[in-house]
Structures are given as C-alpha cells and as structure tokens.
Amino acid sequence: MKKQIGILTSGGDCPGLNAAIRGVARAGQQNFNMSFIGFLNGFRGIVQNRTLRLENKLLSGILADGGTILGTSRDKPHRMPIGGKIMNMIDAIVENYHRHQLDALVCIGGGGTQKNALKLQEAGLNIITLPKTIDNDVAFTDISFGFDTAMSIATSAIDRLHSTAMSHNRIIVVEIMGHRAGWLALGSGIAGGADVILIPEIPYDINHVSDTILTRAREGKNFSIVAVAEGAMSIMQAAKVNKLVEKKNRAETKGEKILASDQLKNFHRKHVSHTMELTNKLEEFTGLESRLTILGHVQRGGTPSSADRVLATHLGTACAKLLNEKVYGVMVAADGDGTKAIPLSQVAGVKKLVTKDHPWVNSARLVGTSLG
Ligand code: F6P
C-alpha cells in the first residue's frame with residue numbers, strides 16, 4: 001500500500017518553498033513508496049478540500065522558482081474567517097484528512113505554522129513541519145530557508161543606496177523586514193556595511209544615532225546608511241511595550257488579559273510608520289537631508305539563493321525519511337550539516353531572537369557600526 005501524504009504551505013511566502021515541496025515529494029515518491037497531495041492556500045485548502053496532486057511531472061522545473069505552487073495564507077485552523085465569522089475549523093480539517101486517507105500532513109511554515117501544526121497534532125493527526133521564514137526567528141533550528149535569499153536582496157539594496165546617499169550627501173534610512181526579530185537587518189546591515197543598524201532586541205537612543213552621524217560628517221563622511229528593522233524601537237517605545245507585556249502577564253481575569261493583549265497589538269499596528277518618524281527626526285537633529293527606503297515584499301520575492309535551495313532540499317528529504325519512519329509531531333530542524341527532529345510542543349510559541357552578545361552583534365560593533 002502506498003502511503004498518502006498531504007502537504008501545505010502556510011504563513012508569508014518565501015524563496016525556497018517550492019524547493020522544499022520538491023524535496024519532500026521527490027524523496028518520498030522515489031524512495032519510500034509515497035504519494036503526495038497538496039492543499040491550496042495554507043490551512044484553508046484542507047478546510048475547503050482544494051487540492052493539487054503532486055505528480056512527478058508537476059515537481060519538474062520548480063526548484064528555482066520563488067513563491068509556492070500551492071499558494072499560502074495566514075489562516076489559522078482554530079480562528080478562520082468564514083462567511084464573515086471567525087470559526088474553529090479543526091474538525092473540518094480532521095474530516096478532510098481522513099477523507100483523503102492521509103498517513104500524515106506536512107506543514108511548511110514559520111513560527112505561526114508551528115503553533116497551528118501543534119493544534120492539529122493534538123487533534124489526533126500525524127503532523128510534521130519544516131521551518132521557513134525570511135525572519136529567521138523559528139526556534140531550535142540553526143537557520144530557516146528563505147532567510148539567506150532575503151538577506152542577499154537587502155544587502156544588494158544597501159549596496160545600491162550607498163552611491164546615491166554619497167552623491168547627495170544624505171542620510172538614507174532603509175527599512176528591512178523581520179517582524180519582531182532583527183536577524184535580517186543585522187545580517188544585511190553587516191554585509192552591506194551600514195553605518196547604523198537598529199534592531200528590536202537592542203532599543204535605540206535617537207540622540208546617540210544622531211551623534212554617530214554627526215561624528216561621521218565631522219570626519220568628512222557626509223552621508224550615512226541606517227539599516228533599521230521594521231520592529232526596531234527607541235528606548236521609550238521599548239519601555240512602553242515592556243509595560244504592556246507585564247500588564248498582560250499580571251492580568252488575572254480573562255477580560256483584563258484580552259484588553260492588555262489588544263493594547264499591545266494596537267501598539268505594534270501603529271508602530272508600522274515609525275521609520276518615517278525616525279527619518280524625519282534624524283533630519284531635524286542632524287540638519288542633514290534624509291530619505292527613507294522601505295524594501296518591503298521585494299525581500300520575499302524571486303528565485304531562491306543556492307544556499308536556500310540546498311537547505312530546503314536537505315530538510316525536505318530528511319522529512320521524507322522521518323515520514324517513512326513514522327516520526328510525527330516534530331519539526332525538521334537544521335543542525336550543523338545535519339538535521340534533527342524537534343517536538344512541536346517544544347517549538348510552538350518560542351521565538352529565536354538576536355541576543356545582545358550574539359557574535360554578529362560583536363562583529364558589527366568591532367568594525368565601528370553603531371547599534372543605536
Ligand atoms: O514573516 C515574514 C514577513 O515578511 C515579516 O518580515 C513581515 O513583518 C510580514 O511577513 C509581512 O506580512 P504580510 O506579507 O502579511 O504583509
């Protein structure tokens with residue numbers, strides 16, 4: 001009997017998803033007598049029973065393609081907008097899993113997907129996950145695919161911004177994705193030689209950033225590149241967030257907890273425009289003309305780097321082996337040159353953030369980069 005395996009991609013897309021789908025399905029078909037069915041647009045596809053048979057022919061030529069042939073969404077199994085209402089669709093997912101007589105479901109996604117996958121494992125399904133994200137914030141894996149490509153895109157953007165900043169004697173603030181983690185801004189900031197790198201894990205002092213830029217100007221370097229993570233915060237903003245987090249943790253009743261968590265969400269929603277504010281303040285404080293460049297979704301698009309293709313293929317093929325050994329309820333993590341299976345219960349809800357003494361932080365400081 002052939003084993004029936006489902007696959008879906010969930011959360012924000014990233015380069016390397018197709019390489020991972022191909023890695024799991026090719027290895028499973030060619031070595032372990034498995035047959036694969038894809039579900040479209042994340043967890044919504046398994047709710048709505050929208051499928052794509054992953055025949056061998058369909059897997060040809062997708063290795064170098066960006067995005068995902070399965071489509072994706074940020075839908076959560078337990079809180080899915082259906083007909084204007086938010087519904088728990090876990091039972092519908094369980095039903096369709098059995099309708100297709102699946103032996104297991106592979107969920108390829110970032111931090112949110114690990115949490116959602118655990119919910120399905122707890123509902124009695126056989127689940128295995130792969131870590132993807134340009135943010136590199138999935139815990140217990142050395143790295144996630146998508147990150148290397150995004151870091152290269154952001155680095156070449158910083159390279160290009162240098163010549164225009166230099167020609168106009170300007171400060172250019174470049175906003176880099178990463179959600180609440182600073183990996184992408186830190187990595188591309190180091191690789192692109194940014195003069196200032198601001199990340200969420202190290203709150204910044206605007207006066208200190210201005211002083212760094214003015215010191216450069218006094219030394220005859222009358223331009224500066226500031227690489228800022230979208231989630232970066234000033235010392236005051238970080239203090240506000242800490243207060244809201246403490247309030248949420250202290251809240252005794254459910255009602256109070258919901259209120260505190262809404263206030264926190266609201267803060268992050270409003271924080272979206274903070275890089276414009278930062279750019280304006282730097283112009284005001286230094287007297288130097290300033291511009292903002294938001295790299296946005298360009299960082300998630302296009303063909304994966306060779307490192308991401310290798311990583312996605314490596315994790316995908318390791319996943320096929322684990323499926324064959326009936327190892328479920330785990331995420332396939334990158335571990336040095338190898339892989340390891342980490343229980344979903346351990347990964348779910350944990351974020352990998354930049355530590356203040358991370359070797360990348362030390363190297364940035366040692367070459368004279370200001371971290372705010
Ligand atoms: O998680 C990947 C990511 O690109 C983050 O860096 C960013 O904050 C978010 O997704 C953007 O999400 P969306 O594509 O839904 O706007």
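At-a-glance table
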{"read-out": "Length gained when the stretch F267-I82 is fully extended (0.36 nm per residue, less Cα-Cα span)", "value": "63.9 nm"}
{"read-out": "Where GluC sites (Glu not before Pro) in DSSP loops with at most 16 other Cβ within 10 Å are excluded, longest remaining stretch of the chain", "value": "56-218"}
{"read-out": "Heavy-atom accessible area order for T149, T215, largest first, 1.4 Å probe", "value": "T215, T149"}
{"read-out": "Extended-chain gain in nm, criterion 0.36 nm per residue less alpha-carbon gap, K351 and V367", "value": "3.0 nm"}
{"read-out": "The stretch 151-300 shape via C-alpha gyration tensor axes, a/c threshold 1.5", "value": "prolate"}
{"read-out": "Tensor-based shape of the chain (alpha-carbon gyration tensor, a/c under 1.5 rounded, otherwise prolate or oblate)", "value": "prolate"}
{"read-out": "The chain - percent of accessible surface contributed by carbon and sulfur, probe 1.4 Å", "value": "52 percent"}
{"read-out": "Label-point gap, in nm, between A238 and S60 - each point 7 angstrom along Cα→Cβ", "value": "5.4 nm"}
{"read-out": "Student exercise, the chain dipole from Lys, Arg, Asp, Glu Cβ charges, in Debye to nearest 20", "value": "980 debye"}
{"read-out": "Choice from G12, G83, G67 showing the highest fluctuation, given a GNM over the chain with Cα pairs closer than 10 Å", "value": "G83"}
{"read-out": "Lys, Arg +1 and Asp, Glu -1 on Cβ, resulting dipole of the stretch 151-300 about Cα centre, debye, nearest 20", "value": "500 debye"}
{"read-out": "Residue (of F267, V226, A191) at the positive-pole extreme of the stretch 151-300, dipole from beta-carbon charges", "value": "F267"}
{"read-out": "For F267, solvent-accessible area (1.4 Å; no DNA, RNA or ligand), Å²", "value": "30 Å²"}
{"read-out": "Cross-link pairs beyond the 30 Å C-alpha cut-off, checked among K85/K119; K221/K352; K240/K351; K257/K281; K321/K351", "value": "K221/K352; K257/K281"}
{"read-out": "Label-point separation in nm, E325 to E219, each point 7 Å along Cα→Cβ", "value": "5.2 nm"}
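The values are calculated or read from the model by the stated rules, or taken from the named source; none is laboratory data. If you're wondering where the values come from, they're calculated on a predicted model, not measured in any experiment. A quick note on method: Cβ atoms are made from the backbone with ideal geometry, for glycine too, and the neighbour counts reach across all protein chains shown. Just the protein is used for accessible areas: all its heavy atoms, side chains included, with ligands, DNA and RNA removed. Shrake-Rupley method; radii C 1.70, N 1.55, O 1.52, S 1.80 Å.
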